[in-house]
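The structure appears below as C-alpha cells.
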C-alpha cells in the first residue's frame, strides 16, 4: 500500500446515463501528501471524490483508499476517511455540539468521550461560543467550519475536501486555509478539489489538473509553472509616450509585446529578469520613459489556460506558450507574484 | 476565526497522531443514537407536533358529523353507534397521513443534510431508515392516544371490548401504521423528490383510506368499490381493530390483518433498503 500510495486510482471511468463524467483517470497520492485537484465545473472533480469516498461505484477502473478497494470494501474505507463537501452535510435543527456528538457516537465513542471530542473541535474551529446554538442560525463560514469539524471527528487518515471554500468571503476562506494547513502538518493525507488556482498553489504539494474527465497534467506547482515559460514583463509609458514606437523597438530587440491592455500597459513574454534590463535599455534608447514596470512569474492561471486552451484546440499539448494572448489572461489573476 | 490563534495547533486537531483505529459503534448503539436523533428532529418544532397530534381529533369531529348524519343505524352492526364504528377505523387511517409525512421528511433529510454524511460514515445504512420509522411511529402513537381520549371526552366513547380490547386494537393499529410508514419510506427512498412523492402520495392515500370499510360498511358500497375495499389491506386492519375494540367476535380478521401488516412491512423494508443504498446521482 505504501508503495502504491494511500490513494491509488487506475483507469477510472464514470458514466451517468449519456454523460461521461470520468474518462480514464489515473492518480496516486502518497502518505501525508496534499493533492490539489484542479478543474472547471463539470471537469469530474466531485465525481472522483464521490467515488473515492464510497458514495458511488465507478463504471470501470479501480480505486483504492488506504489499501482497500472503494467498491469492494467500502466499510473499511469509511473507517479511515473524512469528507467535507460542497454542501454542508449537517443537521440544521441540531446544535453544532450535538452534530459533532452524533457523528462521534456513530464512530464508536462513548457519550462522555463524544462530548469531549465535540468540545475540542468546537474550540479548535472557533465555534466555542456558538456550539449550543442550532446550526440553522450559523453563517456560511460557520457551517463550513462545522462541516470540516464533522469530517474530522473520527480522526481520519485521509481527508477529502471538495471545494471547501466555495461561496466563502475572503476572511473565512483564509481562515479555512489556515485550518487545512494545520491539519496537513499533522500528517493527514488530503485530496482537495478546487477551482481556485490560488488555493491549490497555497495548500497543495502536488496539483492534478482535470479537464472533461481526464487528467490533463500533474506535478508540483513549480513544475506546472515552468511549463508556462518565464513569465511576463509589464510596463506603462509616461502619458506623452508613444506605444507604437516602444512596441517597434522591442520587436526589433526580439521581445515583441502584445496588444496594449485597457489599463494602457504593454506586456512582453520574458525568459527571466535578465530581460527586464533589456526592456528598460531598449525603451531608454528610443526615448520612451516608463512610469511603472514589473516582472511577473507565470501563475497557475497561465498554466491552466495554456494547457486547457491547448487541449480544447489541439489534442497534443503545445510547448511553453509564448503568446501574446496570455497577457490578457493575466488581468484575471488575483495575486500576481511580482518581483519588481 | 482570524483571531489570535497562530500558535501550535489546538488539541484535537490532527497534530496528534491518528490513534488506534476505533471500532465503529455496534449496530444496537448505532440504532439507538440514530433513533434519538430522529426523534429530536421529529419533535423539533412544537407547532408541527401540536397540529399533527390534534389532526385525528379534527378528523373524528368532521367525519362523525358528515358521515354520521348519513349513516343509517340500519346499515351499522346491531347496537353499535357510529362513533363506536368509526373510532377504531380512524386508529388505522390516521396513520396514512402520518406515513406520508414520514416519507416527505426522509426526502428532505436526504437532500444534502446529515444523510449525505451518513453514507460516508462506518454505519449500517438500513438503520437510518429503521430509526426514521420508529421516530415517526412514536408520533403516530401519540395521535392514537389523543384520538381515544378525544373520542371519550367529546363523544363519551367507550370501547365495548373494554380496556383489554382497546389496547389490543391500539397495538394492532400501531403495527399496521408501521407498515404504512414503510410504504412511504420505500417510495421516498426510491423517488427522492418531495413533489413527486406528494403527487403520488395522493394516489396511494385516498384509495387506501376511502376504498375501504373505514367509514361505511363494505355492504353499502357500490359493487366495484366493494370489491376493491375487500382486497384493500386497510379494510382488514380496520375490521380487525373494530372487532377488538367492540369486543365482538375477534374472528379471522385479526390474524389476517397481522399477516398483511407484517408481510407488507417486510416487503417494503427490503425495497426501501435497496432503494436507499442507491448512490445519490447528481
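A short reminder: the numbers here are calculations on the coordinates, not readings from a lab. Values in this document were obtained by computation on a predicted structure and should not be read as measured data. So basically every Cβ, Gly included, is an ideal-geometry build from the backbone, and we count neighbours across all protein chains shown.
For the residues of A:121-127, the average number of beta carbons from a partner chain within 10 Å of their own beta carbon is 4.
Counting DSSP beta bridges with both partners in the protein assembly as shown, what percentage is antiparallel, nearest 5? Bridges in the protein assembly as shown are about 65 percent antiparallel.
Here the Gaussian network model covers chain A, with springs between Cα atoms less than 10 Å apart; of A:236, A:105, A:251, A:251 fluctuates the most. Rounded to two decimals, the Cα radius of gyration of segment B:186-227 over 2.2 N^0.38 Å is 1.53.
From the largest down, the protein assembly as shown spans 118, 51, 44 angstrom on the principal axes of its Cα atoms. On the principal axes of its alpha-carbon atoms, segment B:140-252 has extents of 44, 36, 27 Å, going from largest to smallest. Here segment A:120-170 and segment B:80-142 have alpha carbon centers that stand 30 Å from each other. When only alpha carbons of chain B are considered, Rg and Dmax amount to 22.6, 86 Å. Taking every residue in B:47-54 and counting other chain Cβ atoms within 10 Å of its Cβ, the average works out to 0.
Calculate the all-directions average of the projected area of segment A:7-225's alpha-carbon convex hull, and give it in nm².
Quarter of the Cα hull surface area: 11.8 nm².
With both residues required to sit in chain A, DSSP beta bridges show an antiparallel share near 65%. Looking at chain B as a GNM with Cα springs under 10 Å, which of B:267, B:48, B:167 has the largest mean-square fluctuation? Highest fluctuation of the listed residues: B:48. Note on A:166, A:268: ascending count of other Cβ atoms within 10 Å places them as A:166, A:268, the fewest first.
Counting Cβ atoms of other protein chains within 10 Å of each residue's Cβ and taking the mean over peptide B:24-32 gives 3.
For a quick check: sort A:132, A:206 by the number of other beta carbons within 10 angstrom, fewest at the front.
Numbers: A:132 11, A:206 18.
Arranged by neighbour count, lowest to highest, A:132, A:206 become A:132, A:206.
Taking chain A as a Gaussian network of alpha-carbon nodes connected by springs under 10 Å, the highest mean-square fluctuation of the residues A:34, A:136, A:215 belongs to A:136. Between segment B:216-244 and segment A:1-63, what is the separation of their alpha carbon centroids in Å? That distance is 56 Å. What is the Cα centroid distance between segment B:152-205 and segment A:214-290, reported in whole angstrom? That distance is 76 Å. Arranged from fewest to most other beta-carbon atoms within 10 Å of their beta carbon, A:107, B:259 become B:259, A:107.
Can you compute the helix-only [θ] at 222 nm over chain B? Use -39500 (n - 2.57) per DSSP H run of at least 4 residues, normalise by all residues, nearest 500 deg cm²/dmol. Walk me through the numbers before you get to the answer.
Values: 10 runs with 197 residues, N = 282.
Counting only the DSSP helices, I get -24000 deg cm²/dmol.
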